[in-house]
Amino acid sequence: MKQAVELIVLNADQYPEFRYYISIMKKAESNRSNQPDICIETCKSLLEGISKSIIERLDSKAVRKELDKSEVGPLIKQAARLLKKADNVIEDDFVSRCSSLAYALATLRNERGDISHGKAVPKVISSNDRLSTLSMAMTESVLCYILEAFYSVDAERRKVTDELVFEEQKSDLPILSYDNNSDFNDWLDEKYPLEGRLIYSKALYELYYEDYVVQLESCPRQSKRS
């Protein structure tokens with residue numbers, strides 16, 4: 001599951017908790033040939049776990065105890081629909097197909113799984129590595145698709161939240177006119193010269209207003225003017 005692992009690592013700065021799934025992905029790979037049913041069971045668990053994580057982050061009303069009672073099919077369908085609702089990146093047909101895959105893996109896990117439902121020996125039926133390889137490939141494709149959608153949707157949601165927080169914080173700051181503090185602006189521009197047309201003081205005022213106010217108030221040689 002190289003692509004899924006790389007995707008999680010690429011976004012680990014913002015979502016370090018998703019690294020938890022890397023070891024589970026590696027477990028699926030390591031059991032693909034020697035213990036195919038464990039591989040398939042692990043694939044089902046990955047779809048289940050990552051769906052729960054996405055639901056918790058996109059639905060403020062989600063309750064973990066309730067999610068833990070749900071089957072994998074409804075979980076992945078709920079996660080996909082939340083992604084579709086947040087940003088039209090998920091097709092309706094994809095939702096139903098993901099649910100079907102999850103149901104198929106859950107059925108195999110119930111009938112042949114070695115961990116969650118222990119089997120008496122000899123096992124009546126076991127999967128082969130061709131089926132586990134197919135299950136792992138399909139699982140990775142779905143995981144990459146929904147993870148990419150989640151990272152995109154949640155990043156936009158975080159951006160909006162940060163902007164709202166910034167505006168709220170900004171409203172508590174004194175209202176200063178950029179043009180009325182020309183001496184301070186000139187001092188900033190001389191201290192932090194920038195190439196091109198961008199002026200440091202103007203950029204600081206418009207993009208990082210709080211920092212502008214703090215620097216103005218802490219500069220001993222400047223007097224704040226509204």
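The values are calculated or read from the model by the stated rules, or taken from the named source; none is laboratory data. None of the values given here were measured: they were computed from a predicted structure. Heads up, the Cβs are rebuilt from the backbone with ideal geometry, glycines too, and the neighbour counts pull from every protein chain shown.
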| field | Test set (1) surrounded by 14 or more Cβ atoms within 10 Å (Cβ to Cβ); (2) without any contact (Cβ under 8 Å) to a residue 24 or more places away in the chain; (3) part of a loop (DSSP other than H, G, I, E, B) - A104 fails condition number | value | (3)
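Tally time: how many residues in the range 144-155 are closer than 13 Å to F94 by Cβ and at pLDDT 90 or above? Write out each step before concluding.
As a first pass, look at the range 144-155 and keep what is closer than 13 Å to F94 by Cβ: 144-146, 148-149.
Imposing the further condition that a residue be at pLDDT 90 or above reduces the set to 144.
Final tally of qualifying residues: 1.
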| task | Answer yes or no: is there a residue in the range 171-181 that is modelled with pLDDT of 85 or more, buried (at least 16 other Cβ atoms within 10 Å of the Cβ) and assigned to a helix (DSSP H, G or I). | result | yes
| task | Considering only the range 1-51, state which residues are of a type in the set (A, V, I, L, M, F, W, C) and more than 23 Å from L75 (Cα to Cα). | result | V9, L10, A12
| note | In the set I40, I54, the lone residue that is among the β-branched types (V, I, T), more than 17 Å from S127 (Cβ to Cβ) and in contact with a Leu (Cβ under 8 Å, 6 or more places away or on another chain) is I54
